[in-house]
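J.: The following block contains the structure, expressed as structure tokens.
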């Protein structure tokens, strides 16, 4: 356990006014959620969502912090966090490109878009490029099947995409490929 | 404690509001239209109304899904006490032109007109989606004005819980999540269960790729779901309810959270609902990306904050569910049918659809089809009517090859069965299932073994890993399908694949595993020649 | 004590036996000396029902049910050995052998392994599926024990015994599907675990060579899963049994 | 009576199965009375003969030569038996599979290991190329029966041969099929 966590964990039972004992005030937001949920153990998944919203990803320190706050075995928290696809354990890239791979999008060629971006930027689906500029993700179904194939770029939902249009989109934000 | 909402007063007030302006502009603000640019369209109209001082003439109402997602953004011009004109593909500029033209010249704008006399609209029967394109989902008053919460009031003030269950039983309503279990029976089981605490859970973990009816209900008519939950809880003696929503639906979560708060403030939830002795707390619980959590026992594990692995049954949730207490899980669409049934009676509901599959079903029509979007049709409507008439057929001069229903748990139905009525039994006989209602049309360019592989990959990725046949069997099936679709498969591979279909179907612990082979089984049944064409005659050629 | 329980008639493959109310099909079979193959079940721990080896057919409706999690009912006709069940069990064993790296010849448990025994019992003489050959690192960081994930079949006996009997909850399952594997706290090496009490119960119950004592050579590892049953009897009935006295 | 034509072959394995074969000791003389060993690593025959009644194949399929021989044997034998765990499961021979690309494995063994002037053996036509992954025998040719064991004990081999000589397949139940 790193020093940050040790300090953060102490903070659970020993709250001070002002700065969070961990030295990172983002933990305050987790504390607030924990308190609202009365530290109920079934709040684990919600708490992990909040933590990921705040920190962008779930580091080991955060998982331990949550485990101790909810009085759950660390291995169990780790098991729960890794069970669900939406939790991520690495810092996300600067830009996020999510390709919907639901059935309608599949029928309309979503696979090619994933392959196209993956090859062009040398980033496997579900991972972040080495320079940290782009995270390529796939989604099960975004429920916008009427617009298939659908791509979400930095939060914006775009329908009727193809490999070229998606690559243009990515290039505009991340820069072109050499 | 604040006084409960006076439903009739709200209705009157809303009616007045409705007649306040000569024109009402209803703009579809559901997710599909929003991603087609509805946000900018609505903003443009609102800005224009303000800038050009048309507030006394026009009111702009963002609504839920109007259905024809492929033609979005959709907009409707409504004249006071008069006709409605629908528009499609409404860009911000078009919207401004349309509003001006109607308000100033009483003239429609031909380029963007949407023909509402086409079968897509006329062949539908909207019960669950009745409020789509009608109400503003953000305003409880809008829901109440269209008859909302009347059913709850009726149930609480004039019906005993047993009578409510009886009404549901008479309606013949069956679970809309897939298997089609009779809802009345399920409610009776929970009502009969002992114990102080009982739970009702709305299953909004709509994971089938291609299905988004539950999301639409949660986003566009959240109070209808809440009302259904409240009636279910009253009928079964539950005092705590959860709505389990997948995290991929942030808008639904936000809308439901707000709707719950508003309902509580209006004494439609919380303690002593509508001043009766019935109390109910409702809470939203969020998934985190796991298809298997649509399975009842996995869903409960997830609500409890654990890994979403299915548990052995028996004991069934109605005996031992959340935290060991009796629990009943109903799908969102199922619960959305409850208020209309209580409102208009079980017999009315049973008169729609077929004898064994009553009521309507919402389908998400997608794939190689002209009209994509959400449709609601009476049970028993033929696939042909859905695909050719409502859906407008297959585009680009291609021909229909198969319709996929039930997602990764369902199957592919070939053209020769297009006249099959869509109901629980007929679809099962064809080796598919109703599922939650995704209906993907595939044209003759689609290779069916590829489709089977696509779904197997899905099931493999979504397997929780608890039981051997599903965890390891889906991997091997995917492996075999990969080899076959790559053109490297052998006759023995095909044999192994078929055997694994039985093993995984019969030996898996939960519904996900048991139904994972369905896409393979049904494509093998109807499109076997496509597999045969791909495989090598040799027995063994792996190296 | 057993005499006070109400007895019912059940049959296994057509032969009549006496069953007791509240007993599982598997327990009833074992007590009567009827062999029902099983892997994840262990007397003294909660029922997991994941391996699916013990699935039997209930004649009444031809449905397949796990014997470990199905209660005996009066006049229940249980079929254990049918051609279909034999084929299915074999397939499941093949799936288990194909997903890990079960190289019996160089395993500490060779000759004393429940998975190996099960293959013999169920007539599995080869694996028709492709071996997955996953790359899994052995965790030899613990001073007393070794964890070899190559040989793990995810029966979760270790997870359950650590949580339910020892109360330490060192182990859990992380990830899901084919990626699912045993994890300690934060997926760190076992030797760095802060909650492990070195009690060795997880090692005792492991059906394969996945959890073993440090320093054991090929075929030298002997597990003692019945220890948990003795422990359960000692706790529940206050009787301390010797090895071999378990029912 | 016509002598049965039996062959044994050795692919990617340690030859332990053949050692165990020799452990049948004096029964080998009885075997010789009813069968000819027409091809075997322990008999000096260069070409695999045709018209063989049954061939026992030891070892997994790990390189191109193994593959070629396995296919030749299949074409020339009425029955083919996987002889020992390597042939049946890949066993120790297949332990390289999780490591992936064989070239990298050769690199780490012959070059990166603390050995001076290491180089990857490269003699086309003499040193056969490794296959991308080691496969059990039944993944490359049709196999009629399996004799697991590492090695299969001599009595298990004898029981298999006795069955073959009687015109039936070896026992595939009970201890006869124990791995390891």
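Just so it is clear, none of the values below were taken in a lab; they were calculated from the coordinates. The shown structure was predicted, so the numbers you read here are calculated from the model rather than taken from an experiment. Backbone-built Cβ (ideal geometry, glycine too); neighbour counts: all protein chains shown.
J.: Arranged from highest to lowest average of other beta-carbon atoms within 10 Å per residue, in what order do the peptides B:365-372, B:380-387 appear?
T.: Working: B:365-372: 26.6, B:380-387: 20.8.
So the order, starting with the most tightly packed, is B:365-372, B:380-387.
J.: Most mobile of C:167, C:177, C:111 per a Gaussian network model of chain C (Cα springs, under 10 Å)?
T.: Largest GNM mean-square fluctuation: C:177.
J.: Sequence gap at least 6, Cα distance under 8 Å: using those rules, report the relative contact order of the range B:182-339 to the nearest whole percent.
T.: Reported relative contact order: 32 percent.
J.: How far apart, in nm, are the 7 Å Cα→Cβ label points at residue A:115 and residue A:127?
T.: 1.9
J.: Projected area of the range B:297-437, taken from the Cα convex hull and averaged over every viewing direction, in nm²?
T.: 10.7
J.: Could I ask something else about it? Enter the mean number of other protein chain beta carbons within 10 Å of the beta carbon of each residue in C:46-53, as an integer.
T.: Per residue, the average neighbour count from other chains is 6.
J.: I've got another one for you. Expressed as a rounded percentage, what relative contact order does the range B:8-122 have, with Cα pairs under 8 Å and six or more residues apart?
T.: In percent, rounded to a whole number, it is 29.
J.: If you don't mind, there's one more thing I want to ask. Does anything in the range C:140-180 have its amide N under 16 Å from the 7 Å Cα→Cβ label point of residue C:235, and if so which residues?
T.: C:157-171
J.: Taking R0 as 30 Å, what's the FRET efficiency between residue C:62 and residue D:173 from their Cβ-Cβ distance, rounded to 0.05?
T.: Between residue C:62 and residue D:173 the formula returns 0.70.
J.: Still on this structure, please answer the following. When you take every Cα atom in the protein assembly as shown, what is the radius of gyration, and what is Dmax, the widest Cα pair distance, in Å?
T.: Final numbers for Rg and Dmax: 32.7, 113 Å.
J.: Mind computing the radius of gyration and Dmax over the alpha-carbon atoms of chain B? Å is fine for both.
T.: According to the Cα coordinates of chain B, Rg and Dmax are 24.3, 79 Å.
J.: How much of the pair distance distribution for the range B:8-122 lies past 17 Å, counting alpha-carbon pairs only, in percent?
T.: 53
J.: Please find, in a Gaussian network model of chain A (springs between Cα atoms separated by less than 10 Å), the residue of A:157, A:99, A:77 whose mean-square fluctuation is greatest.
T.: Among A:157, A:99, A:77, the largest mean-square fluctuation in the Gaussian network model of chain A belongs to A:157.
J.: Report the gain in length on full extension from residue B:146 to residue B:445: 0.36 nm times residue separation, minus Cα-Cα distance, nm rounded to one decimal.
T.: Extra length available between residue B:146 and residue B:445 comes to 103.1 nm.
J.: Regarding the range B:448-534, what whole-number volume in Å³ per residue does the convex hull of its Cα atoms give? Before the final figure, lay out the partial values.
T.: On the way: hull volume 6.1 nm³, N = 87.
That works out to 70 Å³ per residue.
J.: Under 10 Å, Cα contacts only: if you run a Gaussian network model on chain A, which one of A:98, A:135, A:82 comes out with the highest mean-square fluctuation?
T.: Among A:98, A:135, A:82, the largest mean-square fluctuation in the Gaussian network model of chain A belongs to A:82.
J.: Turning to a different aspect of this structure: Give me the distance in nm between label points sitting 7 Å out from Cα along the Cα-to-Cβ direction at residue B:3 and residue B:525, one decimal.
T.: Label-label distance for residue B:3 and residue B:525, simple model: 6.0 nm.
J.: Still on this model: Helix-only mean residue ellipticity at 222 nm, the protein assembly as shown, DSSP H runs n ≥ 4 weighted -39,500 (n - 2.57), per residue, nearest 500. What is it?
T.: Calculated from helices alone, the mean residue ellipticity at 222 nm is -10500 deg cm²/dmol.
J.: Expressed as a rounded percentage, what relative contact order does the range C:1-126 have, with Cα pairs under 8 Å and six or more residues apart? Write out the running numbers ahead of the final one.
T.: Working: 175 pairs, mean separation 31.8, N = 126.
Relative CO of the range C:1-126 lands at 25 percent.
J.: Give me Rg/Rg_expected for the range C:2-81, where Rg uses Cα atoms only and Rg_expected = 2.2 N^0.38 Å with N residues.
T.: Its radius of gyration relative to the 2.2 N^0.38 Å reference: 1.00.
J.: So for the pair residue B:185, residue C:220, with labels modelled 7 Å out along Cα→Cβ, what separation do we get in nm?
T.: About 6.0 nm, to one decimal.
J.: Give, in nm to one decimal, the length gained when the segment between residue B:139 and residue B:396 is fully stretched (0.36 nm per residue of separation minus the Cα-Cα distance). Walk me through the intermediate numbers first.
T.: Details: separation 257, 0.36 × 257 = 92.52 nm, distance 4.17 nm.
Gain in length upon complete extension: 88.4 nm.
J.: Could you work out, residue by residue across A:44-51, how many beta carbons of other chains sit within 10 Å of that residue's beta carbon, and then give the average as an integer?
T.: 4
J.: So for the protein assembly as shown: antiparallel DSSP bridges make up what percent, rounded to the nearest 5?
T.: Around 50 percent antiparallel, to the nearest 5.
J.: Ratio of chain A's C-alpha Rg to 2.2 N^0.38 Å, to two decimals?
T.: So the Cα radius of gyration is 1.22 times the expected 2.2 N^0.38 Å.
J.: Rounded to the nearest 0.05, what FRET efficiency do residue C:21 and residue B:192 give with R0 = 22 Å and r taken as the Cβ-Cβ distance? Could you check?
T.: It comes to 0.50.
J.: Based solely on C-alpha atoms, express the radius of gyration and the Dmax of the range B:423-462 in angstrom.
T.: 12.0, 29
J.: What is the Rg over Rh value, at two decimals, for the range C:107-226, using alpha-carbon atoms and the Kirkwood definition of Rh?
T.: Details: Rg = 14.3 Å, Rh = 14.9 Å.
Reported Rg/Rh (Cα atoms, Kirkwood Rh): 0.96.
J.: Can you figure out the FRET efficiency of residue B:344 with residue C:164, using R₀ = 41 Å and their beta-carbon distance, to the nearest 0.05?
T.: Efficiency for this residue pair is about 0.20.
J.: Quick one: if you take sqrt(5λ) for each eigenvalue of the C-alpha gyration tensor of chain D, what semi-axes come out, biggest first, whole angstrom?
T.: Semi-axis lengths for chain D are 31, 17, 15 Å.
J.: On to the next question. What residues from the range A:69-113 fall in the zone where the backbone N is under 12 Å from a label point 7 Å along the Cα-to-C-beta line of residue A:54?
T.: Residues A:69 qualify, since their backbone N sits under 12 Å from the label point.
J.: To continue, here is another question. So how do C:104, C:158 line up by other beta-carbon neighbours within 10 Å, fewest first?
T.: C:158, C:104
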